[in-house]
Structures are given as C-alpha cells and as structure tokens.
Amino acid sequence: MTGAEICKFDLDETLDNEIKFGKYQLIIFGLIAFPIALNGIFSNAYIFTAGSLNYRCEIPECDLQNREFLTPWLNLSTPFVSNLPEKCKKFQYVSNESSSCNVKSFNRSVIIGCDSFIYEDDEITIQNQFDLTCNNEYQLSLIGTINNIGQLFCYIFTGFMSDRYGRKIVVILGCLGNGIFGVLRAFSFNYYQFAAFEFLDALFGSATYAAAYIIGLELVTPRLRTISGTILNCFYALGGIYLGLIAMWFQNYKVLLLITYIPSFVVLSYIYLLPQSIRWLLSKGKHEEARKILNKACKFNRTKMSVQTLSSLNEKIEMQKSKDTNGNIADDSEWMKKISLKIVMQIANLAYCWFAVIFVYYGLNLNSVYLEYWNKHVNFIFVCAIELPGYFITNFLMEKLGRKKTLFIGMMGSGVSCILAELIPGHISKTIFYVCGKLLITIAFSCLYIFTIEVFPTTLRHRFFSICNIVGRIGSILTPLTPLLIELSPSLPLLLFALLSFSSAVFLCYLPETLNRKLPENIEEAFN
C-alpha cells in the first residue's frame, strides 16, 4: 500500500458508513452527559449560595417579643424607601413609659446605623451566615467574580492538558476537584475560606463541560454533529433546573452544596468506563489504541470495518512505530510560525464573540432573580428551562441557515429583546421579553460551541477553544457585578447586554461558514 493510500483513511467516513451511529455512541453520550449536567449546577451555584436577602435593622427594644420582618410599628422606627424599610438605618430609640413601641419611642429627627438585623425569610446564604450586610454586602457579588476568575485560570492550562494528555483526564480531574472543594465550601468557617474554596472549585472543574462536549462532537460525523451538540446542551440546562429546584426545597446553602456536589465523585468510575477520544488518539499517533476503541464500537453496534479501512489503519500503526509520535504536533508547530495576521484576527474576532455571548448569557441568568413577576427560584428555573426549546431551535436553524446566520439571529434578537424589556412598561411584558432575550442568547451560545469546535484543528482544538473561553470568562468575571449597576440605574444592565449583543453580531460577519465541513485535523486544513 502506498503512502497516498494510507492518507485516505477518513475517520468521518468510517464512523458514518461502517461503524455507524448506535449503541456505543449512546453509551458514551450517556457518560459525558453527567459531567455536563454537573457543570450546569456548579457554574450557577453561587447565585443561591451567595444570594442577597431582604433584611432590616433589628430594633432590640421592640423586636424582643415579635421578630417579624414587617410590623405595625416599623415605619415609626425605620426610614422607608420605595415602600421597603431601609436596610442599614433606623431612627434613634428613646425610652418611654409604654410597654409597646409607638410614636413616642423614637426620635425621628436622628438617624443612626444598625448593629444587628432581621431577615425577611428563613433562607440561609453566606450573607446571614457571615454577616455580609451594609458596607460588606459587596462581598456577595465578589463570590461570583471569584468563581469566574477561577474559570479563567482553569482554561489557561486545561486546554493544553486536554490536547497533550487527552480529554478524558480533564473530565475526571475536573469533577473530582469540584466534589472536593464544593464539600469543603459547605463547612467553611468564614467568608475568606468560602471564597478560597469557590476559586479552587472553579479552577479545577470549569473545563469539564468543554472537554466532555469535545469528546461527544469528536465522536460523530458532520451529519450528526449539530443534533449531538443540541442534546448535550440540554443536559447543561437540566443541571440548572435541578439546581433551582434543590435551592427552592432546601433553602440552606450548606445543604444545597452537599446535595449537588457529592454526586461528582461518581466520575471516578470513568477511569474504567470512559474511553479516550478516537480523533485525539489518531492525532497523537496512537493508532493502536484508536483501533481497539473502533473495534469495540463495532462490537457494540454489531457492525464491521471494511478490509480496506483495517488495512489502512494497520499500515498507519506500523509506520507510527518507526517515527516520532509527536509528528502531528511538529507539523502544527511549523504552521504556527506561518500564521498570518488574517488568522490572528479571525481568532480574536471569535474570542470577542465569546466575551459578548457569555457576558449576556450569564448576566441574564444572574439578574433573573431580580425579576418581580415570580419569586427568584421560579424565575431562575424558568430562565433555565427556556434553554431546552432554544437548543432544538438552534439545531433547526443551523441545519437550514448555517452557523453564521444562526449566531447572527441569536445575538441581534437577544439585543432587541433586552431593549424591549426596558422600554415596554409592566412586570409581565418585561418578563416575557427578558425570557425571549435568554432564549435567543441561548441559541447563540449553543451554536457558538459547535461553530468554534468546527473552526479549529484537532491537534490544537482545545487550546484554541480555551483561548476563546479565557476571553469569554473575562465577561463572566464582570457579570456578577452587573447587579451593582442597578443602584445607578435599573435600565443599565439590560442596555449593556443589548450593546454587546449588537456589536458581536456585527463582528460575526467576518467569520467563515462551517456548515457540513469535516473537522479539520491540522492547521493547514483549518485555515486554508
């Protein structure tokens, strides 16, 4: 067999025509769906563990017998703003002969600060656990920022690990890191310990979603790539819905953390259950291991590889024994030296799209708890649930219109929805347009994952993917601070989301279309 014939081995054609989609792929998708669902929980848990609660000043002289949040005498003891009691101010108490608090009990011309507080609900977050009130309340928003800084650093090194040592190790180590630091966070003694474990949780486990997602999409052909990505995305949304339900039923952040994080230790079994990515093995010259997995896939699916395919693969194995197994990396290193300004701009363009989409996506998730139509748990669950139809709409649009047009529709539509949510008065209309904005940015986000994977080559896919994610995580680092903009103007968060959505849609026009394109194996295929 000649070298030209050897090069004809095509994994996509082998998977599509000989191995076919069957029981084997379904088992792998079932395995990787679990860490994806866990990531949907862990990336949003801070919304509830560090949630802001309604509270007011405690009036020790009046709250001894009745510690209700709203009492008949409260307007006498506390200044009110927008029909709600001030959180950190109260009128000076003066002694009187009456046994009950009344108008004579307070000097309403003197306003003083508070030493203790009464909360509206029985919910326990780190706010009342660590007394993060008044001047310290900003530390709640910092937890989300700390989480996203951890994600940023995670993507800096996990892309290299995934491309060098395989996707499987990133999934397993990431989930174990999540489990360890999530449980430790539940037993934190103070705010700083909690914040440190929040950072380590994100640092170790944030890349599990991307690694598991790449495993899934590298296992299927272009014909099935879109629907496969859609199904995997659904498990991320289901993880968010599960988080909202657990937070509703168990309104104690410690219980929430234990219930949601302990299951991640199940992933230890993946050392034996989850195979390595076939496409990654081939790119690293590990053809013998790839052949074993392909044979196992044939056994599960009750199919056979053709004599020509087996011969081509066996010839590759023999050739690989006589050359450096890092040959593909060396080739890509040579191509890296020839990367043009156009390619760099293309990567930068895609990275900005990630920044904008992630900022808007997580911003709408986070700010959903401030919608006034339902309570915060129902708001969050509904905003997560709307992703499910969004993923299937994405699947339809990507197959009919292509990747670029689908992304454009999602980004522009989300921006328009955010503006309408602000311009049209009424709680119901704001909620409707808010949810539409989340639906449309979900379409953009789910399409962006597949689009990015299709643009970059196998040997460097997770590294380039991580570069985009790192830039995107800068957006998610800033997202937890958006509730602070409400203090300046309630309209600012949604207007900012709209601006980023519009600008990313414009830059998107300069990126290539990847519909029905085979996954590129090296930089030459990817950019030429």
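Using only Cα atoms, tell me the angle between helix 307-320 and the longest principal axis of the chain; keep it within 0 to 90° and round to the nearest 10.
Helix 307-320 sits roughly 80 degrees off the main axis of the chain.
Take every Cα pair under 8 Å in the chain that's 6+ residues apart, average their separations, divide by the length, and report that relative contact order as a whole percent.
Normalised by residue count, the contact order of the chain is 20 percent.
If we count every other residue with Cβ under 12 angstrom of I126's Cβ, Lys/Arg +1 and Asp/Glu -1, where does the sum land?
-2
Packing-wise, with mean Cβ within 10 Å as the measure, how do 18-28, 235-245, 387-397 rank, highest first?
235-245, 387-397, 18-28
Arranged from highest to lowest average of other beta-carbon atoms within 10 Å per residue, in what order do the peptides 188-199, 356-367, 160-171 appear?
By packing density, highest mean first, the sequence is 356-367, 160-171, 188-199.
What does the net charge come to around L397 if you take all other residues with beta carbon closer than 14 Å to its beta carbon, with K and R at +1 and D and E at -1?
+2
Principal axis lengths of the chain from Cα atoms, whole Å, largest first?
Sorted largest first, the three principal extents are 106, 44, 41 Å.
Mind listing P(r) for the stretch 276-317? All alpha-carbon pairs, 10 Å bins, whole percents.
31, 57, 12
Output ³J(HN,Hα) for the stretch 103-114: one whole-Hz value per residue in order, computed from phi by the Karplus curve 6.51 cos²θ - 1.76 cosθ + 1.60 with θ = phi - 60°, and x for Gly and Pro.
In residue order, the calculated couplings are 4, 7, 7, 9, 9, 6, 8, 10, 10, 10, x, 10 Hz.
On C-alpha positions alone, give me the angle between the axis of helix 376-385 and the longest principal axis of the chain, in degrees, nearest 10.
20 degrees
In the chain, if the dipole is taken from +1 on Lys/Arg beta carbons and -1 on Asp/Glu beta carbons about the Cα centre, which of L152, I343, F189 is farthest to the positive end?
I343
Could you list, bin by bin from short to long, the percent of Cα-Cα pairs of the stretch 389-439 in 10 Å steps?
Here the calculated profile for the stretch 389-439 is 27, 43, 24, 6.
Over the stretch 146-245, what portion of Cα pair distances is larger than 17 Å, expressed as a whole percent?
59 percent
Taking H placed 1.01 Å from N in the peptide plane, check which residues at least 5 places from I124 or on another chain put their amide H under 5 Å from its amide H.
The answer is N252, Y253.
How large is ³J(HN,Hα), in whole Hz, for each residue of the stretch 205-221 in order, when computed from phi with the Karplus curve 6.51 cos²θ - 1.76 cosθ + 1.60 and θ = phi - 60°, using x for Gly and Pro?
Taking θ as phi minus 60°, the curve returns x, 5, 8, 4, 4, 4, 5, 5, 5, 5, 4, x, 6, 6, 8, 10, 8 Hz for the stretch 205-221.
Report, in deg cm²/dmol and to the nearest 500, the calculated mean residue ellipticity at 222 nm for the chain, where each DSSP H run with n ≥ 4 adds -39500 (n - 2.57) and the sum is divided by the residue count.
-21000 deg cm²/dmol
So who's got an amide H within less than 5 Å of the one on L515, skipping anything under 5 residues away but keeping other chains? H placed 1.01 Å off N, in plane.
It is R403, by chain and number.
Mind running the shape call on the stretch 56-133? Use the C-alpha gyration tensor, a ≥ b ≥ c as the square roots of the eigenvalues: rounded below 1.5 for a/c, prolate if a/b tops b/c, oblate otherwise.
Since a/c reaches 1.5 and a/b is larger than b/c, the shape of the stretch 56-133 is classed as prolate.
According to the square roots a ≥ b ≥ c of the eigenvalues of the Cα gyration tensor, what is the shape class of the stretch 211-283, taking rounded for a/c under 1.5, prolate for a/b larger than b/c otherwise, and oblate for the remainder?
Verdict is oblate for the stretch 211-283.
Could you pull out every residue, at least 5 positions away or on a different chain, whose amide H is within less than 5 Å of the one on E86? Hs are placed 1.01 Å off N in the peptide plane, and Pro or chain starts have none.
Those lying under 5 Å, H to H, from E86 are F80, V81.
Would you mind checking the tilt of helix 403-423 against the longest principal axis of the Cα atoms of the chain, expressed as 0 to 90 degrees and rounded to 10?
Tilt of helix 403-423: around 10 degrees.
How much net charge surrounds S414 when only other residues with a Cβ under 14 Å from its Cβ are counted (Lys, Arg +1; Asp, Glu -1)?
So the environment of S414 carries a net charge of -1.
From the phi of every residue in the stretch 279-293, what ³J(HN,Hα) in whole Hz does the Karplus formula 6.51 cos²θ - 1.76 cosθ + 1.60 yield, where θ is phi - 60° and glycine or proline is x?
5, 5, 4, 5, 5, 9, x, 8, 6, 5, 5, 4, 4, 4, 5
Can you say what percent of the DSSP beta bridges in the chain, counting only those with both residues inside, are antiparallel? Round to 5.
Antiparallel bridges: around 90 percent, rounded to the nearest 5.
Considering only protein heavy atoms and a probe of 1.4 Å, how much of the accessible area of the chain is carbon and sulfur, as a whole percent?
Its accessible area is 63 percent carbon and sulfur atoms.
What are the semi-axes of the equivalent ellipsoid for the stretch 80-222, taken as the square roots of 5 times the Cα gyration tensor eigenvalues, largest first, in whole Å?
Listed largest to smallest, the semi-axes of the stretch 80-222 are 50, 14, 12 Å.
Excluding ligands, DNA and RNA, what is the solvent-accessible area per residue of the chain at a probe of 1.4 Å, expressed in Å²?
With all protein chains present, the chain gives 43 Å² per residue.
Would you work out if the stretch 414-484 is rounded, prolate or oblate? Take a ≥ b ≥ c from the square roots of the eigenvalues of the alpha-carbon gyration tensor; rounded if a/c is under 1.5, else prolate when a/b is larger than b/c, oblate otherwise.
Cα axes put the stretch 414-484 in the oblate bin.
The values are calculated or read from the model by the stated rules, or taken from the named source; none is laboratory data. Quick caveat, the model's predicted, so the values are computed rather than measured. Cβ atoms come from the backbone with ideal geometry, glycine included; neighbour counts cover every protein chain shown. What goes into the accessible areas is simple: the full protein's heavy atoms, side chains included, and nothing from ligands, DNA or RNA. Shrake-Rupley method; radii C 1.70, N 1.55, O 1.52, S 1.80 Å.
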